[in-house]
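A short write-up of the structure that comes next.
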Protein chains: 2
Amino acid sequence: MTYCLGIILPRGLVLASDTRSNAGVDQIVRVSKLAVLSDTPDRVIAIQSQGNLATTQAVVTLLREALGSGDKVHDLTTARTMFEVATMVGGQLREVIGRDGPFVPGGGANASLLVSGQIAGEPPRLFQIYSAGNFVEASERAPFVQIGETKYGKPILDRELSWRTSLEEAAKLALLSFDATIRSNLSVGLPIDVLVYRADSFSAGKVVTIDDADRYWSALRQAFSEGLAALISRLPSPPAART
Amino acid sequence: MTYCLGIILPRGLVLASDTRSNAGVDQIVRVSKLAVLSDTPDRVIAIQSQGNLATTQAVVTLLREALGSGDKVHDLTTARTMFEVATMVGGQLREVIGRDGPFVPGGGANASLLVSGQIAGEPPRLFQIYSAGNFVEASERAPFVQIGETKYGKPILDRELSWRTSLEEAAKLALLSFDATIRSNLSVGLPIDVLVYRADSFSAGKVVTIDDADRYWSALRQAFSEGLAALISRLPSPPAART
């Protein structure tokens, strides 16, 4: 399993992906599920992925190889909008699943993706691409999208994330959402790749990798757990428990 | 969908169940998913249920009708331990699914249950009964069990609930777990039935029903959301967001 999260806000994007890939509980490897495909002055494009690793690696590799080729169907540098980028990525996903799917039983070749970034002339945009290759766009009313093991990490986002949240707060919420998921589900694990993209910067900067030796991560988890325990102890007791 | 939660602690039990039953999003009714089957000086027995409503209502009704009958297979008043109670409830569930299952396509007659309570001579005990009629027992290391829509409400329990938690704190955590679930999933809804059983009291007391007019519920949600926002804003910003 995997957990990938994309958040879009007026000031930019927060992207986070875990790096655990497993088939069962024994065969565990670390892989990158957050790829920056373009980081040039006119476009920054990132792809996050979950599902069959052969499929997602093929999609990312084929798109990467097509960069600058001029191929109108696969070359993301020819896209005029992020909507076109999402269409091209969805198309590439369909091609790979169409090619490999019949040989992998039970829909095992399936995968889904988050595609995000900014092309000059547009604000940043964020899309969730389904296995079928079609996609939906995140917006002010639904500023985050998730793929993979999405449930455990959703409550804190539903509670606290809104269009008015700052990028810094959103980055904290993203990590707390991952912490919740990792605590509740063995198949999602450290390290986490995090990318914070500031609108109109046209620079993806550096993907920050947070592993279990990361001091910030330890401090964040501890401060949050202690603060949460203190908060809960201050809340009034339920009538059901009063006697 | 449904969400039922059972918590066992040295001082007693906290049980909570939502009351929404739906087939699709249109046909919504309120039902009780928390039944107290025995509340006598030597035994308190409660059953929480999720799954096919015809199945769970049949199981609870048949067991209720068998109380005092002397029937060694179905009469819970003849059980010497809560383990025997769980075995009898699992057996009744098998009978109903065996009878109705073949007529309901695709495993649609399936259901699962939480069975908890105390019989004189034992501490309180808590079991999760699967559709197959077999069951597992909650314990010091795993002091809560959930059935139905379990994921959204799990992180706060994983983070904060332990064997040292008081009944009062556990009741708060149970409600916060429900709040998280209700916020993130349309199919779980108010009111919530809550029962707090104190060990060795041999009195189930009153099932408290919390609906959306409940002042405590509103105050709890508001205080928690505000406290959480304040807590998160005090946490240090992630390195990824520092520039």
So is A:Ser225 more than 30 Å from B:Val194 (Cβ to Cβ) and either among the charged types (D, E, K, R) or out of contact with any Leu (no Cβ under 9 Å at 6 or more places or on another chain) (or both) or not?
no
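Does the range A:199-232 hold any residues that are facing chain B (nearest Cβ under 7 Å) and either polar (S, T, N, Q) or in contact with a Pro (Cβ under 9 Å, 6 or more places away or on another chain) (or both), and which are they? Reasoning before the result, please.
So in the range A:199-232, the residues facing chain B (nearest Cβ under 7 Å) come out as A:208, A:216, A:219-220, A:223-225, A:227-229, A:231-232.
Listed by number, the residues that qualify are A:Val208, A:Tyr216, A:Ala219, A:Leu220, A:Ala223, A:Ser225.
So which residues in the range A:234-243 are modelled with pLDDT under 90, outside any helix (DSSP H, G or I) and within 7 Å of chain B (Cβ to nearest Cβ), if there are any at all?
Quick first cut of the range A:234-243, residues modelled with pLDDT under 90 only: A:236-243.
Next cut, outside any helix (DSSP H, G or I) only: A:236-238, A:242-243.
If the condition is that a residue be modelled with pLDDT under 90, outside any helix (DSSP H, G or I) and within 7 Å of chain B (Cβ to nearest Cβ), then A:Pro236, A:Ser237, A:Pro238 are the ones that fit.
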Restricted to the range B:104-134 and to residues being within 22 Å of B:Pro41 (Cα to Cα) and not in a strand (DSSP E or B), the residue farthest from the chain's Cα centre (by Cα) is B:Gly121
Counting residues that are within 14 Å of the chain's Cα centre (by Cα) and surrounded by fewer than 20 Cβ atoms within 10 Å (Cβ to Cβ), which strands (runs of 3 or more DSSP E) fully inside the range A:135-217 reach at least 1?
A:135-137, A:208-210
Filter result for the condition that a residue is more than 10 Å from every other protein chain (Cβ to nearest Cβ) and acidic (Asp, Glu), over A:Glu160, A:Glu140, A:Glu149
A:Glu140
Is there any pair with a first residue in the range B:100-125 that is acidic (Asp, Glu) and a second that is open to solvent by less than 20 Å² (accessible area, probe 1.4 Å) whose Cβ atoms are under 6 Å apart and which are 6 or more apart or on different chains, and what are they?
B:Asp100/B:Ala109
Number of the condition not met by B:Leu231 [criteria: (1) within 18 Å of the chain's Cα centre (by Cα); (2) modelled with pLDDT of 95 or more; (3) open to solvent by less than 30 Å² (accessible area, probe 1.4 Å)]
(1)
Restricting attention to the range A:182-198, and to residues there that are in contact with a helix residue (DSSP H, G or I) (Cβ under 8 Å, 6 or more places away or on another chain) and modelled with pLDDT of 90 or more, which single residue is farthest from the other protein chains (Cβ to nearest Cβ)?
A:Ile192
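The values are calculated or read from the model by the stated rules, or taken from the named source; none is laboratory data. Predicted, not measured: the structure shown is a model, and the values here were computed from it. Virtual Cβ from ideal backbone geometry, glycine too; neighbours counted across all protein chains shown. Side chains included, ligands, DNA and RNA excluded: accessible areas come from the protein's heavy atoms. Shrake-Rupley method; radii C 1.70, N 1.55, O 1.52, S 1.80 Å.
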